[in-house]
1. Out of the residues in segment 71-96 that are within 27 Å of LEU116 (Cα to Cα) and of a type in the set (Gly, Ala, Ser), state the one that is modelled with the lowest pLDDT.
2. Taking interchain pairs and intrachain pairs at least six residues apart, which have beta carbon atoms under 6 angstrom, with the first residue in segment 51-75 and outside any strand (DSSP E or B) and the second among the acidic types (Asp, Glu) and crowded, with 16+ Cβ neighbours inside 10 Å?
3. Being touching a Leu at 6+ places or on another chain (Cβ under 9 Å) and exposed (fewer than 13 other Cβ atoms within 10 Å of the Cβ): is that true of ASP26 here?
4. Search segment 31-51 for residues being over 14 Å from the mean Cα position of the chain (by Cα) and either at pLDDT 95 or above or not hydroxyl-bearing (Ser, Thr, Tyr) (or both), and hand back the single one that is surrounded by the most Cβ atoms within 10 Å (Cβ to Cβ).
5. Exactly one of these conditions fails for LEU10: (1) among the aliphatic types (A, V, I, L, M); (2) in contact (Cβ under 8 Å) with a residue 40 or more places away in the chain; (3) in a helix (DSSP H, G or I). Give me its number.
6. Going residue by residue through segment 138-153, is there one that turns out to be within 19 Å of GLN36 (Cβ to Cβ), buried (at least 18 other Cβ atoms within 10 Å of the Cβ) and either of a type in the set (Ser, Thr, Tyr) or at pLDDT below 90 (or both)?
7. Considering only residues that are within 14 Å of the chain's Cα centre (by Cα) and assigned to a helix (DSSP H, G or I), look in segment 134-150 and name the one that is nearest to ASP12 (Cα to Cα).
8. Determine which single condition ASP119 fails, assuming it passes every other condition in (1) at pLDDT 85 or above; (2) under 24 Å from THR46 (Cα atoms).
Amino acid sequence: MKADTTILLLPDAGPLITLAYADALDVLFRPGWSVQIVDMVLHEVTRNQTPTSQAIAAWVKANKLHVLPTKTLKHFQRVQATGVATPRKSNLGELAIQEAMNDFALIDPPPTGVFLFEDHRIARTSFLLPDNCRKVSTRAFLLFLEQKGWLESAAEVERKAILNGRNFSQLRFPPS
């Protein structure tokens, strides 16, 4: 498989929800990277009616985001369809992102994958990623955008999300 050396941004559910609360999903495009979404993450953020589910689904559709298919979602749907067992729901988005990023390592040359997350467990665990992939918290990403001059105020995006009802993570990753 051949691809241009590029940067692919894969947001987890948490950052999508936070940015939707802040009406700021488009900040994901500010660095000029390719924004893609993993099928399981899209399923997680749209399967139930929430304050952000319709906004995220509409944003994905309007921006024609590439949805990366994973075995994780297929397995979840297969187990759910049998009705015999309740499918595991926790951490499946992260597992699907890890699956997608492992697939990146097989592309020649491999793209750089940026996993955007908002979960304390991911920062603290040894979330295994290939050498060509990085994990970045929502807060660190917003600060990066601000430092580059691509966002006026990271704090304002956080404030807007909180004012609109988001219990935004206090995670600082990497730690200050």
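The values are calculated or read from the model by the stated rules, or taken from the named source; none is laboratory data. Since this is a predicted model, take the numbers as computed values, not measurements. Positions of Cβ are backbone-derived with ideal geometry, glycine not excepted, and every protein chain shown enters the neighbour counts.
1. Going through the qualifying residues, I end up with SER90.
2. What qualifies is PRO69/ASP39; THR70/ASP39; THR70/GLU99; THR72/GLU99; LEU73/ASP39.
3. Working: touching a Leu at 6+ places or on another chain (Cβ under 9 Å): yes; exposed (fewer than 13 other Cβ atoms within 10 Å of the Cβ): yes.
Spelling it out, ASP26 is indeed touching a Leu at 6+ places or on another chain (Cβ under 9 Å) and exposed (fewer than 13 other Cβ atoms within 10 Å of the Cβ).
4. Step one: filter segment 31-51 for residues over 14 Å from the mean Cα position of the chain (by Cα), giving 31-32, 47-51.
With either at pLDDT 95 or above or not hydroxyl-bearing (Ser, Thr, Tyr) (or both) added as a condition, the list becomes 31-32, 47-49, 51.
Working: PRO31: 15, GLY32: 8, ARG47: 10, ASN48: 7, GLN49: 7, PRO51: 12.
Of everything passing the filter in segment 31-51, PRO31 is surrounded by the most Cβ atoms within 10 Å (Cβ to Cβ).
5. (3)
6. yes
7. So in segment 134-150, the residues within 14 Å of the chain's Cα centre (by Cα) come out as 134-142.
Then keep just the ones that are assigned to a helix (DSSP H, G or I); that gives 138-142.
Numbers: THR138: 10, ARG139: 13, ALA140: 14, PHE141: 13, LEU142: 15 Å.
Among residues in segment 134-150 that are within 14 Å of the chain's Cα centre (by Cα) and assigned to a helix (DSSP H, G or I), the one nearest to ASP12 (Cα to Cα) is THR138.
8. Going through (1) at pLDDT 85 or above; (2) under 24 Å from THR46 (Cα atoms) one by one, ASP119 breaks only (1).
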